[in-house]
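A.B. asks: Quick one: structure below, then a few questions.
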Amino acid sequence: MPTTFQLVAADPTLDFVNTLDNRFVASGPVELLCEYEDLLRFVEQAGVVDAKIVTALGRRKHSAAAARSFASALELREALASLLYGQLTSARPPEAKTLKSLESHFLAAEAHTELVWKSLSSDQSATSLDWEWGRFEKDPTLPVWALAQFASRLLTSNATSHVRMCECETCRWLFLDNSKNHTRRWCDMKICGNRMKARRFNARRQTQTPRSEVSRH
């Protein structure tokens with residue numbers, strides 16, 4: 001059955017990083033992107049690439065270009081993870097190789113867009129310039145460029161100050177805290193929030209001395 005991704009981060013870049021699940025669990029991480037098809041499903045579900053373009057790219061899923069694109073996507077994801085988790089866990093500056101990797105991906109995304117003059121109304125009285133993928137729409141690397149474009153926008157914005165890490169120690173997914181007071185603690189309250197509440201409740205019960213034991217002394 002095709003993978004359905006849990007998009008809980010409120011930002012496609014952070015959801016992308018979360019596609020390596022259980023990243024910090026001792027038993028090892030769980031890869032949710034196992035092939036190029038998974039990458040296509042993710043960018044479509046996350047709203048990064050239009051469904052029609054994804055369908056066209058799917059026809060080249062077994063090509064060498066698709067394989068290279070998939071490897072490049074994982075490289076981008078891990079560079080993003082290195083920077084973001086590094087900031088959240090120790091506030092350390094990213095390594096030079098991480099910055100170089102991100103710079104390369106961001107510049108590639110920028111280099112594969114075209115400036116287009118667009119009419120916004122039927123009488124052509126309203127027009128604008130816009131950046132589009134143009135002739136690069138059918139290139140198998142498009143998902144990587146599109147993800148890099150979203151990542152560049154996030155990392156060069158003030159929104160990075162609201163990037164958080166789920167407090168569930170077996171999760172640690174990233175998310176953008178858009179709550180009113182910026183006090184969100186969990187990637188998803190229904191999943192990790194309830195799980196951690198249950199754990200704390202059980203821990204309290206285990207540390208409390210049962211009444212029956214007190215009466216025996």
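A.B. asks: Which ³J(HN,Hα) values in Hz, rounded to whole numbers, follow from the phi angles of segment 148-160 under the Karplus curve 6.51 cos²θ - 1.76 cosθ + 1.60, where θ = phi - 60° and Gly and Pro get x?
C.D. replies: 5, 5, 5, 5, 4, 4, 5, 6, 9, 10, 6, 5, 4
A.B. asks: Here's a follow-up. Give the calculated FRET efficiency between residue 111 and residue 10 to the nearest 0.05, with a Förster radius of 25 Å applied to their Cβ-Cβ distance.
C.D. replies: Rounded to the nearest 0.05, the efficiency is 0.30.
A.B. asks: Can you list the GluC sites (Glu not before Pro) in segment 37-142 that are in a DSSP coil and have 13 or fewer other beta carbons within 10 angstrom? The partial results should precede the final answer.
C.D. replies: Values: sites: 37, 44, 75, 78, 95, 103, 110, 114, 132, 137; in loops: 95, 137.
Taking segment 37-142 and a limit of 13 other Cβ atoms within 10 Å, the loop GluC sites (Glu not before Pro) found are 95.
A.B. asks: What nm distance separates the two modelled labels at residue 177 and residue 153, each placed 7 Å from Cα along Cα→Cβ?
C.D. replies: 2.4 nm
A.B. asks: Show me, for segment 102-111, the HN-Hα J-couplings you get by feeding each phi into the Karplus relation (A = 6.51, B = -1.76, C = 1.60, θ = phi - 60°), rounded to Hz, glycine and proline as x.
C.D. replies: Taking θ as phi minus 60°, the curve returns 5, 4, 4, 5, 5, 5, 5, 4, 5, 6 Hz for segment 102-111.
A.B. asks: Follow-up. So which lysines can residue 52 reach, going by Cα to Cα under 27 Å and dropping same-chain residues fewer than 8 places off?
C.D. replies: Output for residue 52: 61, 118, 138.
A.B. asks: Let me ask you something else. Looking at the square roots a ≥ b ≥ c of the eigenvalues of the Cα gyration tensor of segment 131-171, which shape do they give, rounded for a/c under 1.5, prolate if a/b is larger than b/c, or oblate?
C.D. replies: Numbers: a/c = 6.22, a/b = 1.98, b/c = 3.14.
Taking the square roots of the gyration eigenvalues as a ≥ b ≥ c, segment 131-171 is oblate.
A.B. asks: Quick one: if the Förster radius is 35 Å, what FRET efficiency do residue 137 and residue 191 give, using the C-beta to C-beta distance and rounding to 0.05? Please list the in-between numbers first.
C.D. replies: Working: r = 36 Å, r/R0 = 1.02.
Calculated transfer efficiency: 0.45.
A.B. asks: In addition: Please list, or write none, the aspartates and glutamates whose alpha carbon is within less than 18 Å of the alpha carbon of residue 190, excluding same-chain residues fewer than 8 places away.
C.D. replies: Counting by Cα, and skipping residues close in sequence, residue 190 has these aspartates and glutamates nearby: 15, 21, 167, 169, 177.
A.B. asks: In nm, what is the difference between 0.36 nm times the number of residues separating residue 120 and residue 169 and their Cα-Cα distance?
C.D. replies: 12.8 nm
A.B. asks: If you don't mind, another one. Rounded if a/c is under 1.5, else prolate if a/b is larger than b/c, else oblate: which is segment 1-141, with a ≥ b ≥ c the root eigenvalues of its Cα gyration tensor?
C.D. replies: Prolate shape, in that a/c is at least 1.5 and a/b is the bigger ratio.
Bear in mind that the values in this text are calculations on the coordinates, not laboratory data. As the structure is a prediction and not an experimental result, all values here were calculated from the model. So basically every Cβ, Gly included, is an ideal-geometry build from the backbone, and we count neighbours across all protein chains shown.
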